[in-house]
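What follows is a set of notes on a single structure, which appears directly below.
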Amino acid sequence: MSSLRIILGDQLSTSISSLQGCDKTEDIILMCEVWEEATAVKHHKKKIVLIFAAMRHFARQLQDDGYRVHYIQLDNADNSGSFGGEVARALKHYQCTQVIATEPGEYRVLQSMQQWQSDTATPVEIRSDHRFMCSRQNFSQWAHGRKQMRMEHFYHQMRKDHNILMDGDKPIGGQWNYDSDNRKPPTQNLVIPAPFKCANDEITQQVTALVEKHFGDHFGDIAPFHFAVTREQALQVLAHFIDQRLGNFGDYQDAMVEGEPWMYHAHISFYLNIGLLLPAECIKAASDAYQQNNAPLNAVEGFIRQILGWREYIRGIYWLKMPDYAEQNFLQARRPLPDFYWTGDTDMNCLHQCIKETKHNAYAHHIQRLMVLGNFALLAGIDPDKVNEWFLIVYADAFEWVEKPNVSGMVLFADGGVLASKPYAAGGNYINKMSNYCQNCHYSVSKKTGDKACPFNYLYWDFIARNRDKLSNNYRIAMMYRTYDRMSEEKQHIIAHDSQRFLDRL
Ligand code: DLZ
Ligand code: SF4
């Protein structure tokens, strides 16, 4: 009696639950590059190279470890193009009597997986994904009966449950969160280490040619490609971060500098999200650096919070709220996505720089995503479907479980406050404080209205005015309504006029 065990492109961990109890002599491991996944949205070329190259390397590693791997390449003859089709084909070929899978990271794929049993008349076991540190059941229990599901409360619980950065039952250093130390603007003389670059072997080169051939019309630059595609390389990226960047990570976490896309960030989300790294080992690496006096607490706590707190919380919210979450549009935003999100062709330098880097690297850091690209989409009232699709396409670390709550909840407030207590809306001052983008901009950040004024400035107040019935009773932004109401009618009129003119031209 042999089992067919499927491993998806973001499940590349030898500890994945679908491999538990595998009989290496009998069982078949199925991995498949399928058209349906590669085009569910038109993913960035670098993202497809990353996933296919990492899949092929992982398959080879499994084979070296003695597993029987059935690997389907995208252009193999008879590739059916879908997970379901490939499971059915492999079942016929090997006469396996059951299918074992680990739950996927996307609702759409889970729904299709739940059909496999009836489609193939073969039992299908779908196991939990134990790589996350909070199971879906535990998250539901934590969320049950709470009026508000704030990340901070969840994070405290996770710190206690996993005994991370704890001094008995108290947080090390006396505070749970050191974010107030983590908002330093960039200074002139920052020395930012070059990111760790991995060389491309023959497998990656073959994948690059394949992606160029089949997905040449997708967004983004395919070269240069320096991502890690094996666990060994991903561990090197992690070690390089701990050694060279973690010390400054906290201080300059929110800073943006023209021409410095990588800053002091870790760039490990790609590998965490496809399974080459595991959350617990990244947390341990940072916590050890603190214990050995190699990194300050504000940096280490901030880094650990992203993984143990934010990442787990986001995943919990996704599964708790889907599928309804995908339909949310609390602010009734309907505007189409401006074309410049694809071309970078805009006079707003902050957007231009962030889009240019996104196109080149399939990466931008969290403040570029939230406070520049996302903030603009929020203020301009862009349709959440379009914004979600864009974020899912352009970032190599974007999978729906992590992308959707971040974009619909955090960026767009489309969930009406399930995730964030207020919309993350800001005018040009914030961007000017945290970056040097405004120095090279066609617009003037100090001007509030008129042709040369920074569009973020009037769009911010227009957003406030436009959404009064939805937002004015939110105590965290009530003050903004008092400020707006104190403006002269003439000023309010100019803001509305400038905004309308700007939005009409988009
Ligand atoms: C994102 C992606 C892409 C582009 N291609 C594949 C693929 O061909 N084969 C595969 O197993 N996985 C791929 N993935 C990742 C899946 O989309 C991902 O596993 C599901 O969306 C669940 O998160
Ligand atoms: Fe962006 Fe406004 Fe600064 Fe230009 S002036 S870079 S549009 S924030």
Inset, instruction - Describe numerically, in nm with one decimal, the distance between label points set 7 Å from Cα along Cα→Cβ at Q111 and at Q291. - result: 4.6
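Taking 0.36 nm per residue of sequence separation and subtracting the Cα-Cα distance, how much length would be gained by fully extending the chain between H93 and R127, in nm to one decimal?
Numbers: separation 34, 0.36 × 34 = 12.24 nm, distance 2.37 nm.
Length difference between fully extended and current span is 9.9 nm.
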Inset, instruction - Note the angle between two axes, namely the Cα long axis of helix 202-215 and the longest principal axis of the Cα atoms of the chain, as a number of degrees from 0 to 90, rounded to the nearest 10. - result: 60
Inset, instruction - Convert each backbone phi in segment 354-362 into a coupling constant with the Karplus relation 6.51 cos²θ - 1.76 cosθ + 1.60 (shift: θ = phi - 60°), then list the ³J(HN,Hα) values in order as whole Hz, x for Gly and Pro. - result: 5, 6, 4, 5, 4, 5, 6, 10, 6
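Evaluate segment 34-92: find the radius of gyration of its Cα atoms, find its Kirkwood radius, and give the ratio Rg to Rh.
Numbers: Rg = 12.5 Å, Rh = 12.6 Å.
Using only Cα positions, Rg/Rh for segment 34-92 is 0.99.
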Inset, instruction - Might you work out the accessible area of T97 for me, using a 1.4 Å probe with all protein chains in place, and round it to the nearest 10 Å²? - result: 60
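Work out the FRET efficiency for Y475 and N429 from their Cβ-Cβ distance, taking R0 = 30 Å, and round it to the nearest 0.05.
Plugging the Cβ-Cβ distance into 1/(1 + (r/R0)^6) gives 0.85.
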Legend entry - Alpha carbon centroid spacing (whole Å) that separates segment 256-330 from segment 12-74: 24
Inset, instruction - Pop a pseudo-label 7 angstrom from the Cα along the beta-carbon direction at both D75 and Q236 and give the gap in nm to one decimal. - result: 2.8
Legend entry - Exceeding the 23 Å Cα-Cα cut-off - candidates K359/K422; K170/K284; K46/K321: K359/K422; K46/K321
Inset, instruction - Taking H placed 1.01 Å from N in the peptide plane, check which residues at least 5 places from F219 or on another chain put their amide H under 5 Å from its amide H. - result: K45
Legend entry - Heavy-atom surface of the chain, accessible at 1.4 Å and reported per residue (Å²): 42
Inset, instruction - Report, by chain and number, residues whose modeled amide H sits under 5 Å from the one on V99, excluding near sequence neighbours (fewer than 5 apart, same chain). - result: L4, V124, E125
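Going highest first, how would you order 263-269, 145-151 by mean Cβ packing within 10 Å? Kindly include the intermediate steps, with their values, before the conclusion.
Details: 263-269: 22.9, 145-151: 11.4.
The most tightly packed comes first, giving 263-269, 145-151.
Based on the inverse mean of 1/r over its pairs of different Cα atoms, what is the Kirkwood hydrodynamic radius of segment 3-127, in Å?
On the way: mean 1/r = 0.0684 Å⁻¹.
Taking every pair of different Cα atoms in segment 3-127, averaging 1/r and inverting gives 14.6 Å.
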Legend entry - Debye, to nearest 20: dipole size of the chain, +1 on Lys, Arg Cβ, -1 on Asp, Glu Cβ: 1340
Inset, instruction - With everything on Cα atoms, drop me the angle between helix 151-161 and the longest principal axis of the chain, reported from 0 to 90° to the nearest 10. - result: 40
Inset, instruction - Largest first and in whole Å, give the semi-axes of segment 340-505's equivalent ellipsoid, each being the square root of 5 times a Cα gyration tensor eigenvalue. - result: 25, 21, 13
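Do any GluC sites (Glu not before Pro) in segment 1-76 lie in a DSSP loop with no more than 15 other beta carbon atoms within 10 Å, and if so, which?
The qualifying sites are E26.
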Inset, instruction - Would you calculate a helix-derived [θ] at 222 nm for the chain, using -39,500 (n - 2.57) for each DSSP H run of n ≥ 4 and dividing by the full residue count, to the nearest 500? - result: -12500 deg cm²/dmol
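Work out the P(r) tail for segment 1-70: percent of alpha carbon pairs separated by more than 18 Å, whole number.
Details: 927 of 2415 pairs.
The share of Cα pairs beyond 18 Å in segment 1-70 comes to 38 percent.
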Inset, instruction - Post the alpha-carbon centroid distance, segment 431-506 to segment 184-207, in whole angstrom. - result: 36
Inset, instruction - May I ask you to derive the FRET efficiency for R334 and A496 from their Cβ-Cβ distance with R0 = 25 Å, giving the value to the nearest 0.05? - result: 0.90
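Could you grab the relative contact order for segment 46-158? Cα pairs under 8 Å, six or more apart, rounded to a whole percent.
Working: 53 pairs, mean separation 18.2, N = 113.
Result for segment 46-158 is 16 percent.
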Inset, instruction - Would you mind calculating the relative contact order of the chain from Cα pairs under 8 angstrom and at least 6 residues apart, reporting the percent as a whole number? - result: 16
Legend entry - segment 423-506: trypsin sites (Lys or Arg not before Pro) in DSSP loop, at most 14 other beta carbons within 10 Å: K447, K452, R476
Inset, instruction - Express the carbon and sulfur contribution to the solvent-accessible surface of segment 340-505 as a percent, rounded to the nearest whole number, probe 1.4 angstrom. - result: 48
Legend entry - Computed magnitude of the charge dipole of segment 340-505 (debye, nearest 20; Cβ of K, R +1, Cβ of D, E -1): 560
Legend entry - Convex hull volume of segment 433-506 per residue (C-alpha atoms, cubic angstrom): 113
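With r as the distance between the Cβ atoms of E489 and D243 and R0 = 51 Å, compute the FRET efficiency 1/(1 + (r/R0)^6) and round to 0.05. Before the final figure, lay out each step's value.
Working: r = 58 Å, r/R0 = 1.14.
E(calc), rounded to 0.05, equals 0.30.
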Legend entry - Per-residue ³J(HN,Hα) for segment 268-280, Karplus 6.51 cos²θ - 1.76 cosθ + 1.60, θ = phi - 60°, Hz, x for Gly and Pro: 10, 4, 4, 7, 4, 7, 10, x, 6, 10, 10, x, 4
Legend entry - Note, ³J(HN,Hα) from phi for segment 16-29, Karplus 6.51, -1.76, 1.60, rounded to Hz, x at Gly and Pro: 4, 5, 5, 9, 4, x, 5, 8, 5, 7, 9, 6, 10, 9
Inset, instruction - Give the long-range amide H neighbours of I72: residues separated by 5 or more places, or on another chain, with amide H under 5 Å away, using H modelled in the peptide plane at 1.01 Å from N. - result: M31, C32, E33
Inset, instruction - Figure the gain on full extension for S446 and D169 (residue separation times 0.36 nm, minus the Cα-Cα span) and round it to one decimal in nm. - result: 94.9 nm
Legend entry - Largest-first ordering by accessible area, 1.4 Å probe, given options Y458, Y67: Y67, Y458
Inset, instruction - Work from the charge dipole of the chain (Cβ charges, +1 for Lys and Arg, -1 for Asp and Glu, about the Cα centre) and give the residue of Y481, H267, N294 farthest towards its positive end. - result: Y481
Legend entry - Whole-number D in µm² s⁻¹ for the chain, Kirkwood Cα-pair radius fed into Stokes-Einstein, 10 °C, 1.306 mPa s: 66
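The values are calculated or read from the model by the stated rules, or taken from the named source; none is laboratory data. Computed from a predicted structure; not experimentally measured. With ideal geometry, Cβ positions are generated from the backbone for all residues, glycine too; neighbour counts draw on all protein chains shown. Just the protein is used for accessible areas: all its heavy atoms, side chains included, with ligands, DNA and RNA removed. Shrake-Rupley method; radii C 1.70, N 1.55, O 1.52, S 1.80 Å.
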